[in-house]
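The values are calculated or read from the model by the stated rules, or taken from the named source; none is laboratory data. These numbers were taken from a predicted model, which means no experiment stands behind them. Reconstructed Cβ throughout: ideal geometry from the backbone, glycine too, with neighbour counts over all protein chains shown. Surface accessibility is based on the protein's heavy atoms, side chains included, excluding ligands, DNA and RNA. Shrake-Rupley method; radii C 1.70, N 1.55, O 1.52, S 1.80 Å.
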Amino acid sequence: MADTFTHSLTPERRATLALWAVPGLGPKTLEALRVFAGGSLARLLDGPVREWLAEAPMSAPVRRRLAELEQLGPVADQLLEQSEASGMEVAFAGEYVFPELLAATPDAPPVLFYKGNVGPPRRRVAMVGSRHPDQGFLPFARTFARQVAEGGVGVVSGAAMGVDRACHYGALDAGGETWAFLGSALDALDEPQARMLPEFLDRGGVYFSELPPGVRASRSTFPRRNRLIAGASDAVLVLRAGKESGALYTAEEGLALGRPVLALPGDVRNEAATGCNELIRDGKAHACLGVKEVWKWVGARPELAVPPGAGESWEALTAEARGAYRLLDRVPRTFDEVLAGCRLSPAALTSALVELELSGLVVQHPGKLYEKV
């Protein structure tokens, strides 16, 4: 399988994968290298690294790490072999399995490693909170997440103890889809996350990480993954957070991306709710008083949404339907607008849009207006 996967990747993607594994080399440096290479990282793949390293735009620490490599190609091959051995798959920005909203963010990784089956497109909400909330809150959080998921909304979180994990399980209780973004590589999970993984995958969840095989969690990786949780979601909801809770970092990432941020208000005497209350007081978050408000802010309409566990797989769609889907947005577009952007005939486009409607991926509004669910 590893050899097949290696040969199926384009040189551009192999070079991207190898460079992404260099510690300290982020999205901005990767893009600078692409410009340096004349618009294609593939030009850096097979030649000796030393031939281009001195002139390449990057920090001194990254340059020193790259100097330890002879070529990028063998690095990419080794990463693919490690991924295959650990049961991980690799998604590149622009592929169906790569979260579309995340790919559009300024600091998006070019690559994600994942385990699980990524379901059909749907509206998603990041649901986060403290690891140690006040007594009795976790059952409430699990129930709240289940009700959110019953409206066809995906739940995104970080698989941490406490509120995050309760929200994941609440979505799974509804038969819904939930994504967990980890602060370590997927073959370097901490013990609680490793124990959680088999049931999580068996019930339809997906583990994601931007980190290549072998990278353990650290003080820097956890804050970095918060941008992924917010970036992959239509809105961010903080259910419970004290004044110093790490969940507040996800709210800040959501604000920076222009995502709606919501917070569950709590008793002013409850220190475990201080972070949520201050978000609301400072105008950074909308007070969330119920599940219907979550649906409203992510733009979900439960009566039209893809039900939990339902929806055609991307692979089952015709090429025409896939092409039409890519032209649509999360605001309604007229038939003529979609037609002007594609090479399909009116009849073929009509057929493709009907297929997308039947698959639960698109809704038609009166007046032949079409919108992604």
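Which ³J(HN,Hα) values in Hz, rounded to whole numbers, follow from the phi angles of the range 358-373 under the Karplus curve 6.51 cos²θ - 1.76 cosθ + 1.60, where θ = phi - 60° and Gly and Pro get x?
Per-residue couplings from phi come out as 5, 7, x, 9, 9, 10, 9, 9, x, x, 6, 9, 10, 9, 5, 6 Hz.
Answer rounded, prolate or oblate for the range 180-225, using the Cα gyration tensor with square roots of eigenvalues a ≥ b ≥ c: rounded when a/c is under 1.5, else prolate when a/b is larger than b/c, else oblate.
On the way: a/c = 2.08, a/b = 1.78, b/c = 1.17.
Prolate is the answer for the range 180-225, as a/c is 1.5 or above and a/b outweighs b/c.
For the chain, what proportion of DSSP beta bridges, expressed in % and rounded to the nearest 5, is antiparallel?
40
So, by mean Cβ neighbours within 10 angstrom, what's the order for 351-362, 216-227, 126-137 with the highest one leading?
Packing proxy ranking, top to bottom: 126-137, 351-362, 216-227.
Which one, Ser233, Ala188, Tyr249, is farthest towards the positive end of the dipole of the range 166-257 when Lys and Arg carry +1 and Asp and Glu -1 on their Cβ?
Tyr249
Cα-based Rg of the range 216-373 per 2.2 N^0.38 Å, rounded to two decimals?
Compared with the compact-globule rule of thumb, the range 216-373 sits at 1.32.
For the peptides 287-293, 162-168, 69-75, what is the packing order when you average, over each peptide's residues, the other Cβ atoms within 10 Å and list the highest mean first?
Per-residue Cβ counts within 10 Å, averaged per peptide and sorted highest first, yield 162-168, 69-75, 287-293.
Could you tell me the relative contact order of the chain? Use alpha-carbon pairs under 8 Å, at least six residues apart, and round to a whole percent.
14
Could you pull out every one of the lysines with an alpha carbon less than 26 Å from that of Lys296, ignoring same-chain neighbours closer than 8 positions?
Once the sequence-local lysines are set aside, what remains near Lys296 is Lys284, Lys368, Lys372.
Please compute the Kirkwood hydrodynamic radius of the range 64-172 from all pairs of different C-alpha atoms, in Å with one decimal.
Mean inverse Cα-Cα distance, inverted, gives 16.5 Å.
Given a 1.4 angstrom probe, I'd like the percentage of the accessible area of the range 174-247 that is carbon and sulfur, rounded to a whole number.
Heavy-atom surface of the range 174-247 belonging to carbon and sulfur, 1.4 Å probe: 51 percent.
Determine ³J(HN,Hα), in whole Hz, for all residues of the range 165-170 in sequence, where each value follows from phi through the Karplus function 6.51 cos²θ - 1.76 cosθ + 1.60 and θ = phi - 60°; x replaces Gly and Pro.
With coefficients 6.51, -1.76 and 1.60, one gets 5, 4, 5, 4, 5, x Hz.
Suppose the chain between Asp46 and Asp267 were pulled fully straight at 0.36 nm per residue; how much longer would it get relative to their current alpha carbon spacing?
73.5 nm
Please work out how much length the chain gains when fully extended from Ala32 to Lys284, using 0.36 nm per residue of separation minus the C-alpha to C-alpha distance, in nm with one decimal. Each step should come with its number before you reach the end.
On the way: separation 252, 0.36 × 252 = 90.72 nm, distance 3.36 nm.
Length gained between Ala32 and Lys284: 87.4 nm.
How much of the accessible area of the range 1-151, probe 1.4 Å, is carbon plus sulfur, in whole percent?
50
Suppose all protein chains stay in the model; what accessible area per residue would a 1.4 Å probe give for the range 54-110, in Å²? Let's see the in-between values first.
Numbers: 2860 Å² over 57 residues.
Accessible area per residue, the range 54-110: 50 Å².
Whole-Hz Karplus ³J(HN,Hα) for the range 279-295, in order, using 6.51 cos²θ - 1.76 cosθ + 1.60 and θ = phi - 60°, x for Gly and Pro?
Karplus-based 3J(HN,Hα) across the range 279-295 equals 4, 5, 4, 7, x, 8, 9, 7, 5, 9, 10, x, 4, 4, 6, 5, 4 Hz.
Measuring from the lowest to the highest alpha carbon on each principal axis, how far does the chain reach, largest first, in angstroms?
61, 57, 38
What ranking, highest mean first, results for peptides 273-282, 332-341 when packing means the other Cβ atoms within 10 Å averaged over each residue? Before the final figure, lay out the partial values.
Numbers: 273-282: 19.6, 332-341: 15.0.
Those peptides, ordered most packed to least, come out 273-282, 332-341.
Rounded to the nearest 500, what is the chain's calculated 222 nm mean residue ellipticity when only DSSP H runs of at least 4 contribute -39500 (n - 2.57) each, over all residues?
Numbers: 17 runs with 158 residues, N = 373.
Estimated from H runs of four or more residues: -12000 deg cm²/dmol.
Where the Cα atoms of the range 3-143 are projected onto their three principal axes, how long is each span, largest first, in whole Å?
61, 35, 26
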